[in-house]
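Working notes, beginning with the structure itself.
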Amino acid sequence: MAILEGSAEEKSQTTTNAVRILVVDDELDLLLALSGTLRRAGYAVRTAHSAERGLTLLEHEAADVVITDVIMPRKSGIDVIGKVRELYPATRVIAMSGGGNFGLSGYRAEAITTSAYLLASERAGAHAVLAKPFEASEILAVVRQVLGA
């Protein structure tokens with residue numbers, strides 16, 4: 001049986017008193033790996049494959065932490081950060097990026113650097129940023145940091 005993102009089946013795999021984390025990334029492999037790492041650490045995790053889906057999930061159930069990729073089709077992580085900060089000011093936001101570019105033009109060697117995207121994320125209101133690729137221990141440390149633990 002496949003588990004649908006944000007579904008009751010997906011949420012039932014976690015404890016009810018756990019910190020609630022929403023992970024937003026258009027890369028399915030990273031989405032699955034990251035959500036698995038966070039669940040094993042005891043967090044209640046929902047996932048979304050797009051910025052639009054992530055924002056819809058937030059409308060239905062709050063999150064304590066949102067972890068979002070910056071570069072995604074249609075809406076970017078910068079859009080997610082802005083909306084989360086505007087509508088859910090208590091929610092902590094972590095942005096992650098491996099570089100690239102916005103828009104439909106595809107990869108270009110001269111594309112904006114990872115550090116520039118992460119700086120833009122901080123300016124948009126992200127509480128922490130993380131460059132891809134990263135180790136499981138790094139994301140867990142950043143989650144603890146933004147939660148003040």
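The values are calculated or read from the model by the stated rules, or taken from the named source; none is laboratory data. All values reported here derive from a predicted model rather than from experimental measurement. As a convention, Cβ positions derive from the backbone with ideal geometry for all residues, glycine included, and neighbour counts pool all protein chains shown.
If I filter the range 4-15 down to residues being more than 22 Å from Pro73 (Cα to Cα) and not in a helix (DSSP H, G or I), which single residue comes out as modelled with the lowest pLDDT?
The qualifying residue modelled with the lowest pLDDT is Ser12.
Mind listing whichever residues of the range 35-60 are β-branched (Val, Ile, Thr) and free of Cβ contacts under 8 Å to residues at least 60 places away in the same chain?
Going through the range 35-60, the residues β-branched (Val, Ile, Thr) turn out to be 37, 45, 47, 56.
Val45, Thr47, Thr56 - these are the residues of the range 35-60 that are β-branched (Val, Ile, Thr) and free of Cβ contacts under 8 Å to residues at least 60 places away in the same chain.
Give the residue that is surrounded by the most Cβ atoms within 10 Å (Cβ to Cβ), with candidates limited to residues of the range 32-55 that are small (Gly, Ala, Ser) and within 13 Å of the chain's Cα centre (by Cα).
Once the filter is applied, the top-ranked residue is Gly54.
Anything in the range 117-147 that is hydrophobic (A, V, I, L, M, F, W, C) and in a helix (DSSP H, G or I)? List them, or say none.
Result: Leu118, Leu119, Ala120, Ala124, Ala136, Ile139, Leu140, Ala141, Val142, Val143, Val146, Leu147.
Could you tell me how many of the residues in the range 56-97 are crowded, with 22+ Cβ neighbours inside 10 Å, more than 11 Å from Asp25 (Cα to Cα) and of a type in the set (S, T, N, Q)?
0
Tell me which residues, restricted to the range 16-62, are outside any strand (DSSP E or B), within 22 Å of Ala131 (Cα to Cα) and of a type in the set (A, V, I, L, M).
Leu28, Leu30, Leu31, Leu32, Ala33, Leu34, Leu38, Ala41, Ala51
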